[in-house]
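K.L.:
I'd like to ask you about the structure that follows.
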């Protein structure tokens with residue numbers, strides 16, 4: 001019996017090659033897209049899952065939304081960790097990690113080898129108790145207790161030591177010597193971009209500084225005791241912290257410490273500030289998952305549509321089989337078997353396409369995903385299960401329709417009046433509407449994402465980022481003689497300005513606070529702090545809207561002057577930029593929190609975006625503070641970029657010959673900020689294209705069927721003098737009506753979805769209405785072109801052939 005089913009299915013596939021090809025191609029493309037997206041989503045969900053006892057690990061973060069709407073800090077003061085250790089009984093282990101720019105390069109030297117590496121951490125000895133990373137060499141026990149110790153990743157070890165055990169060997173980081181105590185594996189997905197871990201003691205933070213309740217500089221992780229209640233631990237921490245902050249700073253900072261489960265850190269931290277861990281975005285993961293479902297639905301709907309369309313041609317076969325005794329169950333089994341066979345063929349092609357395309361996706365996404373059916377039996381089992389599920393779901397209704405025909409009516413050629421025909425027509429139309437509604441929805445989303453990404457890259461940021469070389473100062477000589485270094489740089493060809501400071505756009509900035517005297521009281525305000533020199537304003541072309549910039553002509557500017565931005569004017573309560581001039585400000589200095597710098601506001605700058613457009617412009621204070629100078633910005637003329645770069649390298653070599661030259665350009669740095677959005681735009685464009693193609697493929701098949709079914713009508717019309725254009729209109733109008741209905745359904749859904757997505761950006765576009773019109777027109781045009789091919793083909797056939805009796 002099953003052999004007969006297989007032979008029938010095989011013959012039916014080859015008898016209707018065109019329909020079979022459309023079915024297989026559409027389903028294969030849909031499944032390929034689903035498999036690629038599924039692999040990507042699965043990989044995103046794997047971060048930190050490998051860590052033993054990871055379900056007991058939480059990250060401590062600060063929600064200050066009571067003070068500033070939607071502001072979440074990934075860093076907390078050092079006393080949060082101490083409080084958790086001493087006063088929260090649910091806690092088993094705590095580790096604090098000093099927040100440094102993990103992506104900044106550190107000079108690493110091993111013997112004669114000298115390279116720059118990223119991913120430096122200063123962590124407490126409990127680091128490997130909380131994060132139980134697998135060790136390749138050495139042991140995690142007491143690995144970070146000695147200040148001269150260093151623990152490195154296996155990838156880092158491979159680059160600097162080669163394929164040998166490096167434990168006990170020496171390595172210098174920024175000229176400071178350390179001894180390797182262990183090598184941990186980086187094969188699994190870990191949210192911290194760590195290459196080497198240094199002991200906390202090596203950071204040489206004063207003990208008094210570690211007792212601070214306001215210094216937001218530490219990533220803090222806590223491991224709870226087995227069975228402990230995280231909510232209870234969180235509540236106790238909030239109570240203690242709230243009281244201590246009020247007493248320590250005499251100000252209700254309104255910081256609300258919260259515990260974030262480790263398995264949420266990677267995907268649910270997109271809006272966190274001062275978070276330099278590797279971050280995904282659950283919104284994008286969900287969006288891609290929804291797109292995969294959309295594409296699979298479109299492909300399955302194609303199958304249902306084409307199968308029910310062909311049911312008319314198989315009606316006599318059903319009648320004969322029923323007449324000779326075939327039961328409805330046997331017929332359903334036969335037709336669903338054909339569906340499963342078609343699905344299996346599609347899955348085979350999809351698996352081959354996935355293997356072919358996965359390397360390109362890995363390169364694009366920066367991942368190392370694998371798709372090997374022979375090494376991963378679970379993947380093979382998943383594909384077999386997918387074949388059965390998709391085959392059965394896609395073929396169930398067509399099988400029910402085909403097996404339900406009454407043999408008497410069918411054998412009398414009365415199928416056209418069968419009671420199920422109307423239902424089939426409504427089903428077919430409904431599925432076309434859903435297909436094109438999903439396609440139009442994706443077109444609109446792709447268009448709006450494209451516009452927002454273009455806005456991110458092209459918005460006026462309020463300063464000039466073009467032709468600005470940007471690098472970190474290296475070596476004691478460069479730091480101690482930065483003014484001379486700066487003077488030598490300015491002698492180069494095409495170099496227009498040079499600024500040295502901390503807090504350049506696109507780079508790390510300080511979140512700090514200032515004190516505003518108000519009617520005899522001192523009111524604290526949270527601000528961003530930019531440590532600049534006298535040439536910062538000129539180098540970046542920042543606009544001064546009131547007062548004046550810092551000047552060497554005024555001796556007090558170095559120690560007693562501040563500049564603020566327009567947002568700070570409003571937030572600090574000055575009203576207008578002019579009224580802010582001359583107002584006093586106080587700032588607790590970084591070298592000594594008990595020491596306060598007193599000065600006056602000498603100028604107000606126009607708001608400029610020194611962070612990404614996800615974030616609103618913060619109230620910002622600029623001041624001269626040489627103790628924080630670490631970065632250099634060199635503004636060049638576009639006429640001689642190569643000569644300017646050569647001069648910078650030459651001067652670098654004179655001041656810091658022991659450090660290799662490294663630099664980036666500021667505009668490139670800003671481009672990197674929106675890498676995730678650029679990738680989303682590309683992926684959405686590709687998968688929207690696939691969805692539309694699959695939908696049009698199905699429509700092509702249905703148009704061919706409609707033309708075949710109405711060939712006698714078309715022949716008669718041609719004989720009576722009908723033009724080709726009128727026949728094309730006849731065959732197209734019903735389908736185009738369905739596309740219009742689909743557009744009306746897709747428009748509000750797409751608008752709602754994009755409004756939610758755009759809310760993540762502090763600065764965003766208004767959704768343009770023309771995107772909806774274009775999406776509808778594109779869908780209608782594609783549908784018309786697809787249908788017209790078959791309509792023109794039918795209309796230009798010899799009417800004699802169409803009218804010939806079958």
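The values are calculated or read from the model by the stated rules, or taken from the named source; none is laboratory data. Note that the structure is a prediction, hence the values are computed from the model and not measured. Virtual Cβ from ideal backbone geometry, glycine too; neighbours counted across all protein chains shown.
K.L.:
Going residue by residue through region 157-173, is there one that turns out to be within 32 Å of the chain's Cα centre (by Cα) and within 24 Å of residue 267 (Cβ to Cβ)?
P.N.:
Among the residues of region 157-173, not one is within 32 Å of the chain's Cα centre (by Cα) and within 24 Å of residue 267 (Cβ to Cβ), which makes the answer no.
K.L.:
Filter region 456-483 for residues that are assigned to a helix (DSSP H, G or I) and surrounded by 14 or more Cβ atoms within 10 Å (Cβ to Cβ); which is farthest from the chain's Cα centre (by Cα)?
P.N.:
Among those residues, the one meeting the criterion is 477.
K.L.:
Mind listing just one residue for me: the one in region 625-645 that is in contact with a helix residue (DSSP H, G or I) (Cβ under 7 Å, 6 or more places away or on another chain) and crowded, with 21+ Cβ neighbours inside 10 Å and, of those, farthest from residue 586 (Cα to Cα)?
P.N.:
Looking at residues that are in contact with a helix residue (DSSP H, G or I) (Cβ under 7 Å, 6 or more places away or on another chain) and crowded, with 21+ Cβ neighbours inside 10 Å, I get 636.
K.L.:
Still on this structure: Do you know which residues across region 527-549 are buried (at least 18 other Cβ atoms within 10 Å of the Cβ) and under 33 Å from the mean Cα position of the chain (by Cα)?
P.N.:
527, 528, 529, 530, 531, 532, 536, 539, 540, 542
K.L.:
Quick one: in region 258-271, which of the residues that are touching a helix residue (DSSP H, G or I) at 6+ places or on another chain (Cβ under 9 Å) and in a loop (DSSP other than H, G, I, E, B) is surrounded by the most Cβ atoms within 10 Å (Cβ to Cβ)? Before the answer, list the steps.
P.N.:
To start, the set of residues in region 258-271 that are touching a helix residue (DSSP H, G or I) at 6+ places or on another chain (Cβ under 9 Å) comprises 258-259, 261-264, 266-268, 270.
Going one step further and asking which of them are in a loop (DSSP other than H, G, I, E, B), we end up with 266-268, 270.
Values: 266: 24, 267: 20, 268: 16, 270: 16.
Top of the filtered list is 266.
K.L.:
Now a separate question. Quickly run through region 201-217 and pick out the residues that are out of contact with any helix residue (DSSP H, G or I) (no Cβ under 9 Å at 6 or more places or on another chain) and either assigned to a loop (DSSP other than H, G, I, E, B) or surrounded by 15 or more Cβ atoms within 10 Å (Cβ to Cβ) (or both).
P.N.:
Within region 201-217, 201, 202, 204, 206, 207, 208, 216 qualify.
K.L.:
All but one of (1) at pLDDT below 90; (2) in contact with a strand residue (DSSP E or B) (Cβ under 8 Å, 6 or more places away or on another chain); (3) closer than 20 Å to residue 86 by Cα hold for residue 273; which doesn't?
P.N.:
(3)
K.L.:
Mind counting the residues in region 761-778 that are more than 18 Å from the chain's Cα centre (by Cα) and assigned to a loop (DSSP other than H, G, I, E, B)?
P.N.:
Adding up the residues that qualify gives 4.
K.L.:
Now for a separate question. Go over the candidates 714, 767 one by one and state the one that is modelled with pLDDT under 75 and either surrounded by fewer than 17 Cβ atoms within 10 Å (Cβ to Cβ) or out of contact with any strand residue (DSSP E or B) (no Cβ under 6 Å at 6 or more places or on another chain) (or both). So that I can check it myself, show each step before the final result.
P.N.:
Working: 767 fails: modelled with pLDDT under 75.
Sole residue among the options that is modelled with pLDDT under 75 and either surrounded by fewer than 17 Cβ atoms within 10 Å (Cβ to Cβ) or out of contact with any strand residue (DSSP E or B) (no Cβ under 6 Å at 6 or more places or on another chain) (or both): 714.
K.L.:
Which of the numbered conditions does residue 194 fail, given that it passes all the others? Conditions: (1) surrounded by fewer than 21 Cβ atoms within 10 Å (Cβ to Cβ); (2) at pLDDT 90 or above.
P.N.:
Condition (1) is where residue 194 drops out.
K.L.:
For residue 647, are the conditions met, namely being within 26 Å of residue 72 (Cα to Cα) and either touching a residue at least 60 places away in the same chain (Cβ under 8 Å) or part of a strand (DSSP E or B) (or both)?
P.N.:
no
K.L.:
Now for a separate question. Determine, yes or no, whether residue 405 is part of a loop (DSSP other than H, G, I, E, B), buried (at least 16 other Cβ atoms within 10 Å of the Cβ) and modelled with pLDDT under 70. Steps first, please.
P.N.:
Numbers: part of a loop (DSSP other than H, G, I, E, B): yes; buried (at least 16 other Cβ atoms within 10 Å of the Cβ): yes; modelled with pLDDT under 70: yes.
So residue 405 fits the description; yes.
K.L.:
May I pose another question? What do you reckon, is residue 221 under 30 Å from residue 513 (Cα atoms) and part of a strand (DSSP E or B)?
P.N.:
Taking the combined requirement at face value, the residue satisfies it.
K.L.:
Also, quick follow-up: Quick check on region 550-558. Is at least one of its residues in contact (Cβ under 8 Å) with a residue 40 or more places away in the chain, outside the structural domain of residue 71 (by TED's automatic domain parsing), touching a helix residue (DSSP H, G or I) at 6+ places or on another chain (Cβ under 9 Å) and surrounded by 17 or more Cβ atoms within 10 Å (Cβ to Cβ)?
P.N.:
Yes, because at least one residue in region 550-558 is in contact (Cβ under 8 Å) with a residue 40 or more places away in the chain, outside the structural domain of residue 71 (by TED's automatic domain parsing), touching a helix residue (DSSP H, G or I) at 6+ places or on another chain (Cβ under 9 Å) and surrounded by 17 or more Cβ atoms within 10 Å (Cβ to Cβ).
K.L.:
Select from region 475-502 the residues that are within 27 Å of residue 658 (Cβ to Cβ) and touching a strand residue (DSSP E or B) at 6+ places or on another chain (Cβ under 7 Å) and list them in ascending order.
P.N.:
Once the filter is applied, which keeps residues that are within 27 Å of residue 658 (Cβ to Cβ) and touching a strand residue (DSSP E or B) at 6+ places or on another chain (Cβ under 7 Å), region 475-502 yields 482, 486, 489, 490, 495, 498, 499, 500, 501, 502.
K.L.:
A follow-up question, please. Spot the failing condition for residue 135; the list is (1) assigned by TED's automatic domain parsing to the domain that holds residue 220; (2) crowded, with 17+ Cβ neighbours inside 10 Å; (3) in contact with a strand residue (DSSP E or B) (Cβ under 9 Å, 6 or more places away or on another chain); (4) in contact (Cβ under 8 Å) with a residue 60 or more places away in the chain, and only one is missed.
P.N.:
So residue 135 meets the others, but not (4).
K.L.:
Of all residues in region 715-760, how many are assigned to a helix (DSSP H, G or I) and more than 22 Å from residue 698 (Cα to Cα)?
P.N.:
Selection size over region 715-760: 20.
K.L.:
Answer with yes or no whether residue 447 is part of a loop (DSSP other than H, G, I, E, B), crowded, with 21+ Cβ neighbours inside 10 Å and touching a helix residue (DSSP H, G or I) at 6+ places or on another chain (Cβ under 6 Å).
P.N.:
no
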